[in-house]
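Heads up, the thing below is written out as structure tokens.
The numbers here are math on the coordinates, done by the rules we state, and not lab data. Not measured: the values here are computed from a predicted model. Please note: Cβ atoms are built from the backbone with ideal geometry, for glycine as well, and neighbour counts cover all protein chains shown.
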Amino acid sequence: MKFNSKVIHGGQMHDPSTGAVMPPIYQTSTYAQSSPGKHKGYEYSRAANPTRTALENAFAVLENGTHAFAFASGLAAVDCVLRVLKPGDEVIAGDDLYGGSYRMFTKLFQQYGLRFSYVDMNDPKNVVNAITDKTRLIWIETPTNPLMKIADIEEITQQVKLVSNSILVAVDNTFATPYLQRPLDLGVDIVMHSATKYLGGHSDLVMGALMVKNEALAKELHFIQFAAGAIAGPMDAFLALRGVKTLHVRMERHCKNGKAVAEYLVKHPKVKEVYYPGLENHPNHEIAKKQMDDFGGMVSFKLKDESKEATFTFLENTKVFTLAESLGGVESLVNHPVTMTHASIPEEERLKIGITDSLIRLSVGIEDIDDLIEDLEQALDATT
Ligand code: P1T
């Protein structure tokens, strides 16, 4: 099936007991057994639940994987991947990451003996040069949150696997979604999502996902999910499955609106810099063009007046864009990374890569573009 059909039908079947076209919300923790160990494939909902299974089947198909796992949050999915590693193992991650991933690496897992290094993944050589005999995982986020940097997934994966086949490569595909790029097809081992964002698409749930195409790795991740317990509940699984069925039509509009907003901002006299991989002057525009089918709905920018006052005036004055954390819902959001999503990154670290007080991040929704531009215009006007 083509992608646009897979989002609706992929991995789905009518409910075997009733023929229900949509999988019911199996709001149950446990399942009757006729004799100890004799059951219909479900024992206890931490291990598996039919509503979650329906969603996980859909997730696997979307990323061209064989297995998927739905978690209580995106960070629970990241946590599951890190639990594959052992004390002393090293992780190479990009230098621009969602603040919560960075916080998990530095504040939670470092104390258990994992080591993390952060490199600019714009150049695959930086990744290869950071590899040691202890390296076990490469963590790629592309496009990055919030600076919209692009890493060449295929090139990095090929070069890493040449050095050692036992190094896992994982991609956080939250910003792009499988509508725009499918990392498993490019050779990576694990795809991770904050399904809270575009996969769910309606800002009404918090969820994470992992997708893989390797049986042994799938077993290991499922064991960790089962043993650690951070599963997605049946109600959220139902909502996410409902959301995912419109991923393609939502993404089409997110991309169109995102591009229009980026092009509007670039021409605006009060705007200093726009970060959007679809712009020809983006440093990795060529890689983005090769790797992605379009450029998505996330746009970051800085005002020429980089004072905190001007930035906050803009943030306080948008009306259609709601000032809130998160992204990827149908409604437009605006975010101030320094005080909101990336507050956990020490100032010194964030300044090194350009996350300044003046950085503003937009999650461009699927409203009418005229209303979005008008809103940005009046909020920019307010900054004088
Ligand atoms: O929030 P949660 O579902 O746990 O997902 C964490 C996460 C992981 N990876 C990326 C790229 C993310 O953007 C996120 C969550 N990000 C936000 C809440 C945000 O506003 O950036």
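Things to note:
- The set of residues from the range 201-232 being part of a loop (DSSP other than H, G, I, E, B), more than 14 Å from the ligand (Cβ to nearest atom) and closer than 22 Å to Tyr42 by Cβ comprises just one member, Gly229.
- Candidates are the residues of the range 150-200 that are within 20 Å of Ser73 (Cα to Cα) and aromatic (Phe, Trp, Tyr); the one that is nearest to the ligand (Cβ to nearest atom) is Phe175.
- Unmet requirement for Leu333, which otherwise passes all of (1) closer than 30 Å to Thr106 by Cβ; (2) out of contact with any strand residue (DSSP E or B) (no Cβ under 7 Å at 6 or more places or on another chain); (3) surrounded by 16 or more Cβ atoms within 10 Å (Cβ to Cβ); (4) among the aliphatic types (A, V, I, L, M): (2)
- In the range 218-244, the residues that are surrounded by fewer than 20 Cβ atoms within 10 Å (Cβ to Cβ), touching a residue at least 60 places away in the same chain (Cβ under 8 Å) and of a type outside the set (Gly, Ala, Ser): Glu220, His222, Ile224, Phe226, Met235, Arg242
- Residue among Val299, Val271 that alone is surrounded by fewer than 22 Cβ atoms within 10 Å (Cβ to Cβ), closer than 25 Å to Asp368 by Cβ and of a type outside the set (Gly, Ala, Ser): Val271
- Check on Leu75, in contact (Cβ under 8 Å) with a residue 24 or more places away in the chain, within 16 Å of the ligand (Cβ to nearest atom), under 22 Å from Met1 (Cβ atoms) and in a helix (DSSP H, G or I): no
- Glu263 being without any contact (Cβ under 8 Å) to a residue 40 or more places away in the chain, within 25 Å of Asp152 (Cα to Cα) and out of contact with any Asp or Glu (no Cβ under 6 Å at 6 or more places or on another chain): yes
- The set of residues in the range 293-311 being under 22 Å from Ser326 (Cα atoms) and either in a strand (DSSP E or B) or within 21 Å of the chain's Cα centre (by Cα) (or both) consists of Asp294, Phe295, Gly296, Gly297, Met298, Val299, Ser300, Phe301, Lys302, Leu303.
- Single residue of Gly88, Gly65 found to be more than 16 Å from the ligand (Cβ to nearest atom) and within 26 Å of Phe3 (Cβ to Cβ): Gly65
- Residues that are of a type outside the set (Gly, Ala, Ser), in contact (Cβ under 8 Å) with a residue 12 or more places away in the chain and either in a helix (DSSP H, G or I) or near the ligand (Cβ under 7 Å from one of its atoms) (or both) within the range 96-107 comprise Tyr98, Tyr102, Arg103, Met104, Phe105, Lys107, listed in sequence order.
- Of residues in the range 334-352 being outside any loop (DSSP other than H, G, I, E, B) and closer than 22 Å to Gly297 by Cα, the one nearest to the ligand (Cβ to nearest atom): Asn335
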